[in-house]
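The structure appears right after this line, and notes come after that.
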Number of protein chains: 2
Amino acid sequence: MSFQQNQTFEINRNGRFEQIADDLGPILYRENVVVNQIVEVVKNKGKIHGWEVKSGGSAGELSKQVLGKGDQVILDFGDHQVGYLSLHIQPVGSPPDAPLHLRLTFGEMPVEMAESFSDYDGWISSSWLQEETIHVDVLPNQLKLPRRYSFRYLKIEVLDTSPKYKVSFDNVSIEAVTSADVHNVDTFEHKDKELVEIDRVSIKTLQDCMQDVFEDGPKRDRRLWLGDLRLQAMANYATVQNNELVKRNLYQFAAVPNQDGQVSANLFVEPTLIPDDTFLFDYSLFFTTTLYDYYQATKDDEAIHDLWMTAYRQIEIGIERLDRRCIVEDDDSWWSFIDWHPELNKQGPSQAILIYALRRAIELAEILQKENEKNFMLTQLAKVEEASIKYLWKEGQGFFVSGEQEQVSWATQVWMVLAEVLDQEKSRVLLKRLLTEPPKIEMNTPYMHHHLVEALFLVGLDHEATNWMKMYWGGMLQDGGADTFWELYNPTDKEFSPYGNHLINSYCHAWSCTPTYLLRKFLK
Amino acid sequence: MSFQQNQTFEINRNGRFEQIADDLGPILYRENVVVNQIVEVVKNKGKIHGWEVKSGGSAGELSKQVLGKGDQVILDFGDHQVGYLSLHIQPVGSPPDAPLHLRLTFGEMPVEMAESFSDYDGWISSSWLQEETIHVDVLPNQLKLPRRYSFRYLKIEVLDTSPKYKVSFDNVSIEAVTSADVHNVDTFEHKDKELVEIDRVSIKTLQDCMQDVFEDGPKRDRRLWLGDLRLQAMANYATVQNNELVKRNLYQFAAVPNQDGQVSANLFVEPTLIPDDTFLFDYSLFFTTTLYDYYQATKDDEAIHDLWMTAYRQIEIGIERLDRRCIVEDDDSWWSFIDWHPELNKQGPSQAILIYALRRAIELAEILQKENEKNFMLTQLAKVEEASIKYLWKEGQGFFVSGEQEQVSWATQVWMVLAEVLDQEKSRVLLKRLLTEPPKIEMNTPYMHHHLVEALFLVGLDHEATNWMKMYWGGMLQDGGADTFWELYNPTDKEFSPYGNHLINSYCHAWSCTPTYLLRKFLK
């Protein structure tokens, strides 16, 4: 996710929090994964981006293939992998009298094997495209690449050898890494096998995003975003339960707020802990709600004592944005995330997220016996809820509106339900209306679809929630045989990319891993 | 140099020789070299390949330049360098939210900075073009490239950063390496400053080719060729005197002959000592002459005792190629090197080289008191010399001929003079005729020009020899400001490349380093 530039902020660094986070650095579980088969990528209009793979031979055939200048082979590791590639290269013919020049292309999806990266024209950096050109001076060679990649498919292209020799490849393998221990996760049992498969792929998605921190996507941006962390943490409690990693990441955010005490929307952890200069209304509030969820899962009193001040400060900052009506001020900048949608107005859903966060902060204040803060927030909550009904609810339309243009979007309705602004019955009616009279401003990301499904479960529309999951996450399985769930999927516009090119999309993305949480919480 | 494929040979490995060679592994002298200036490459029809560099700013300006996507800078290290590049990369702007994608291009000559490597269309491997594309995940970064490069100029291109940050570069430096200790070389003093400059550049060329072995060229092929070794050893005795490196390389050739005892034209030293499957008539004989020269320089009795059998075997193999007339058999394959010239017939010069080698082998046999071998060779020498006059000398033309078509080439005359087939006076007349009635089959490499100049000195044509050196090696200085002497230079066809493209030519090449030997031997 990107971009907002704000060069004037200062970091108010807390060394103790940073040290606690450092001490919680996770163990990485490592597994050796070998090539599953040789494949070809062929056109198929029925599949996402128009490509699918077909078997091109067993893995055992690889070492028998002799590749010269211009030759290539595509390998399939059988499932999505995050890790480090090794391969053995054997010269064939005369002693190699010139370096070997190779191009290695890593792809999460068949399209990345089929379409040339040199045609990429998106607006975010092409440097995320997973491709390396390498010279190998000495052969035979046991090559180990130093960078980590996120992929299922590997294309090896021989750019040049010399007229006197060719090469063959063997022992192509990955050291796959994750900080998730998936071996002790309870099986999710259900008569609907599609839901069981959705649960399995959700956990795989979570697993591959769990590294040194909860990353948003191991292909791109490989970074700790608060919006992703919140959802990953929920899926984590329901499955692999690496709760210390959540704690680590919360302390990291709390260690580097800006001069106003606001936590950044995302952090860089290398070369040192640095907050990005992106600050988002909703993401800062999610620090507080993620701490609340963490406490519910762990009852870690020490952590809420340590992090309360940071959590409360995010609420204060949220309240500071209220206008005289007690509605959060809108503006034309990228001030709140909500969803990837160029026309989406953020006011309504942001108002709801403030309410959603206030409710959880009030509970934390009660646990910590912070009476003044609790009373202040209770007063604010009442005002903000009242203002939401007074100014944003349109009884005639039966929808909440957002912004000066009174935009009706999916996002505003969903978040108002999650914020429990209406009672449960009215929320149920609202969501039913949403499904039958869908607004033009739709949802573009699994992140937003997650919130819809959670809202449906919250008001008891379990059947609709389950069907939506099957339509949406099941759609990724059917359209592309997803090994992990994607950053972006719009069933009505399958080529959608907010970046101008689907090659740069992430196909294993944290905010898509939540079905396992939803299924295990609401369908047990 | 390339290529001949001969997959059937076996290696007759001598472990003791290999161990002696290993024990003689040289010390590499290391020197830190920093950027001299920023440059621009501009068109100039008067310079080689039509390009020259112009100053674009002091080295100190570099760290102030901020480069974003599509920007580039060209750096000049002030002289030819062989070594390992380090550079420090500093991000400018927001924290880097995407990898940095860089292309680094290394050039010995301005043309390599000016013309795109992707247009390369030569027939030897493009993998020799010194270019890397690199992703840098963490910034700031102290980047050290693992491969060794041969260059004076470095082009840094920023392929992509992200919309949020740019980069600047500083501390760009090279760890230059050589096994030549140039600090104790006597100054060559002469009133002609051009000759002094030619001597200096010769030694720099030798220095940059002296690595773990005597390499033919540090850019390409980075390999131990017998033809180059012979000339480098001569220049070495006259200057840096790392005689142990010559010894090491002779033992390496002797350690891995084929099943017939023939030494290969060149060796690979990594991953282990491996002979190339290229066997050349002239190069094998040069094993013997190089051992002879080594003994003259060192009086190393142990080495000639050890290596005599190998040296003598090369002579026997040469003699085995004689036909009933006692003329070496010609054929259409690439059986003898002599020079890079597609139309050059190799018979005449190869016959001369056999005579040249016989004379020296006979001296070695005398030192070693190998009476039988000595007598055999004396008999053979007489026959071969007589046949040369009888069948190859054309009294009417005043030239030696070569092959069925009775080709008259520079190479045949030059080598017949070096082989002392005629007496000195007749040789002098022959060379004078050569200069005034030049044959159509000319000389294409500094390697062949070296032999002409040595022949001129040998017959006392010192003035002509000196002028030729000034015309030829001096021409490289004038046409391209050569920092080191080039693999290829033809004053009448300055774009000449035997490889189909001048981008792949080596511009620091061992066989061009001999003027220092010629000047110091003949003009002292």
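The values are calculated or read from the model by the stated rules, or taken from the named source; none is laboratory data. This structure is a prediction, so every number in the text was calculated from the model and none was measured. Positions of Cβ are backbone-derived with ideal geometry, glycine not excepted, and every protein chain shown enters the neighbour counts.
Residues to consider are B:76, B:71; find the one that is under 37 Å from the mean Cα position of the chain (by Cα) and within 28 Å of residue B:218 (Cβ to Cβ). Break it down stepwise before answering.
Numbers: B:71 fails: within 28 Å of residue B:218 (Cβ to Cβ).
One residue alone meets the criteria, B:76.
Just one of B:241, B:259 is away from chain A (no Cβ under 14 Å), over 17 Å from the mean Cα position of the chain (by Cα) and closer than 17 Å to residue B:303 by Cβ; which is it?
Numbers: B:259 fails: closer than 17 Å to residue B:303 by Cβ.
Checking each option against the conditions leaves just B:241.
Of the residues B:241, B:262, B:207, which single one is without any contact (Cβ under 8 Å) to a residue 60 or more places away in the chain and on the phi > 0 side of the Ramachandran plot?
On the way: B:262 fails: on the phi > 0 side of the Ramachandran plot; B:207 fails: on the phi > 0 side of the Ramachandran plot.
Being without any contact (Cβ under 8 Å) to a residue 60 or more places away in the chain and on the phi > 0 side of the Ramachandran plot holds for just one of B:241, B:262, B:207, which is B:241.
Consider residue A:118 against the criteria (1) under 15 Å from residue A:156 (Cα atoms); (2) small (Gly, Ala, Ser); (3) without any contact (Cβ under 8 Å) to a residue 12 or more places away in the chain: it satisfies all of them except one. Which criterion is unmet?
(1)
Checking residue B:363 against (1) under 21 Å from residue B:460 (Cβ atoms); (2) of a type outside the set (A, V, I, L, M); (3) in contact (Cβ under 8 Å) with a residue 40 or more places away in the chain: exactly one of these is not met. Which one?
Going through (1) under 21 Å from residue B:460 (Cβ atoms); (2) of a type outside the set (A, V, I, L, M); (3) in contact (Cβ under 8 Å) with a residue 40 or more places away in the chain one by one, residue B:363 breaks only (1).
Among the residues of the range A:291-311, is any more than 14 Å from every other protein chain (Cβ to nearest Cβ), farther than 27 Å from residue A:348 by Cα and buried (at least 21 other Cβ atoms within 10 Å of the Cβ)?
Checking the range A:291-311: at least one residue is more than 14 Å from every other protein chain (Cβ to nearest Cβ), farther than 27 Å from residue A:348 by Cα and buried (at least 21 other Cβ atoms within 10 Å of the Cβ).
For the range B:462-482, indicate whether the set of residues that are in a loop (DSSP other than H, G, I, E, B) and among the basic types (Lys, Arg) is non-empty. First the steps, then the outcome.
Here is the first cut: in the range B:462-482, the residues in a loop (DSSP other than H, G, I, E, B) are B:481-482.
With among the basic types (Lys, Arg) added as a condition, the list becomes none.
No; the residues of the range B:462-482 include none that is in a loop (DSSP other than H, G, I, E, B) and among the basic types (Lys, Arg).
Looking at the range B:152-164, I want the residues that are within 14 Å of chain A (Cβ to nearest Cβ) and have a partner that is charged (D, E, K, R) and in a strand (DSSP E or B) with Cβ atoms under 6 Å, at least 6 apart or on another chain. Which pairs are those?
Short answer, once both residue conditions are applied: B:157/B:103; B:159/B:103.
Going through the range A:208-229 one residue at a time, which ones are part of a helix (DSSP H, G or I) and either among the hydrophobic types (A, V, I, L, M, F, W, C) or surrounded by fewer than 24 Cβ atoms within 10 Å (Cβ to Cβ) (or both)? Don't jump to the end; show me each part of the working.
Initial filter on the range A:208-229 (part of a helix (DSSP H, G or I)): A:208-209, A:226-229.
Hits for the range A:208-229 are A:209, A:226, A:227, A:229.
Anything in the range A:142-165 that is more than 21 Å from residue A:80 (Cα to Cα), hydroxyl-bearing (Ser, Thr, Tyr) and in a strand (DSSP E or B)? List them, or say none.
Of everything in the range A:142-165, those that are more than 21 Å from residue A:80 (Cα to Cα), hydroxyl-bearing (Ser, Thr, Tyr) and in a strand (DSSP E or B) turn out to be A:162, A:165.
For the structure I just gave you, tell me whether residue A:96 is in a loop (DSSP other than H, G, I, E, B), touching a Ser or Thr at 6+ places or on another chain (Cβ under 9 Å) and in contact (Cβ under 8 Å) with a residue 24 or more places away in the chain.
Working: in a loop (DSSP other than H, G, I, E, B): yes; touching a Ser or Thr at 6+ places or on another chain (Cβ under 9 Å): yes; in contact (Cβ under 8 Å) with a residue 24 or more places away in the chain: yes.
Yes, satisfied.
When you go through B:177, B:182 one by one, which is the residue that is surrounded by fewer than 18 Cβ atoms within 10 Å (Cβ to Cβ), closer than 27 Å to residue B:213 by Cβ, more than 9 Å from chain A (Cβ to nearest Cβ) and among the β-branched types (Val, Ile, Thr)?
B:182
Only one of A:89, A:11 is buried (at least 21 other Cβ atoms within 10 Å of the Cβ) and either within 14 Å of chain B (Cβ to nearest Cβ) or more than 26 Å from the chain's Cα centre (by Cα) (or both); which? Steps first, answer last, please.
On the way: A:11 fails: buried (at least 21 other Cβ atoms within 10 Å of the Cβ).
One residue alone meets the criteria, A:89.
From (1) more than 11 Å from chain B (Cβ to nearest Cβ); (2) surrounded by fewer than 19 Cβ atoms within 10 Å (Cβ to Cβ), pick out the condition that doesn't hold for residue A:272.
(1)
Which pairs have Cβ atoms under 7 Å, sit 6 or more apart or on different chains, and link a residue in the range A:395-421 that is within 12 Å of residue A:438 (Cα to Cα) and not assigned by TED's automatic domain parsing to the domain that holds residue A:437 to one that is buried (at least 24 other Cβ atoms within 10 Å of the Cβ) and modelled with pLDDT under 95?
From residues that are within 12 Å of residue A:438 (Cα to Cα) and not assigned by TED's automatic domain parsing to the domain that holds residue A:437, there are no pairs.
Against the conditions (1) more than 11 Å from every other protein chain (Cβ to nearest Cβ); (2) under 18 Å from residue B:67 (Cβ atoms); (3) of a type in the set (Gly, Ala, Ser), where does residue B:107 fall short? Just the number, please.
Condition not satisfied by residue B:107: (2).
Where residues in the range A:130-150 are facing another protein chain (nearest Cβ under 8 Å) and under 27 Å from residue A:220 (Cα atoms), which of them is surrounded by the most Cβ atoms within 10 Å (Cβ to Cβ)?
The extreme case among them is A:135.
So, in the range B:110-129, of the ones that are crowded, with 21+ Cβ neighbours inside 10 Å and within 9 Å of chain A (Cβ to nearest Cβ), which residue ends up farthest from residue B:502 (Cα to Cα)?
That would be B:127.
Kindly establish whether residue B:22 is touching a Ser or Thr at 6+ places or on another chain (Cβ under 9 Å), among the acidic types (Asp, Glu) and either within 14 Å of chain A (Cβ to nearest Cβ) or surrounded by fewer than 19 Cβ atoms within 10 Å (Cβ to Cβ) (or both). Spell out how you get there, then give the answer.
Details: touching a Ser or Thr at 6+ places or on another chain (Cβ under 9 Å): no; among the acidic types (Asp, Glu): yes; either within 14 Å of chain A (Cβ to nearest Cβ) or surrounded by fewer than 19 Cβ atoms within 10 Å (Cβ to Cβ) (or both): yes.
No.
Just give me the residues in the range B:463-483 being without any contact (Cβ under 8 Å) to a residue 12 or more places away in the chain and either crowded, with 20+ Cβ neighbours inside 10 Å or not polar (S, T, N, Q) (or both), in sequence order. Even if it seems obvious, please write down each step before you answer.
Going through the range B:463-483, the residues without any contact (Cβ under 8 Å) to a residue 12 or more places away in the chain turn out to be B:463, B:467, B:478.
Listed by number, the list holds a single entry, B:463.
Quickly run through the range B:331-354 and pick out the residues that are charged (D, E, K, R) and surrounded by fewer than 19 Cβ atoms within 10 Å (Cβ to Cβ). Lay out the reasoning, then the answer.
Here is the first cut: in the range B:331-354, the ones charged (D, E, K, R) are B:331-332, B:339, B:343, B:346.
Within the range B:331-354, B:331, B:332, B:343 meet the criteria.
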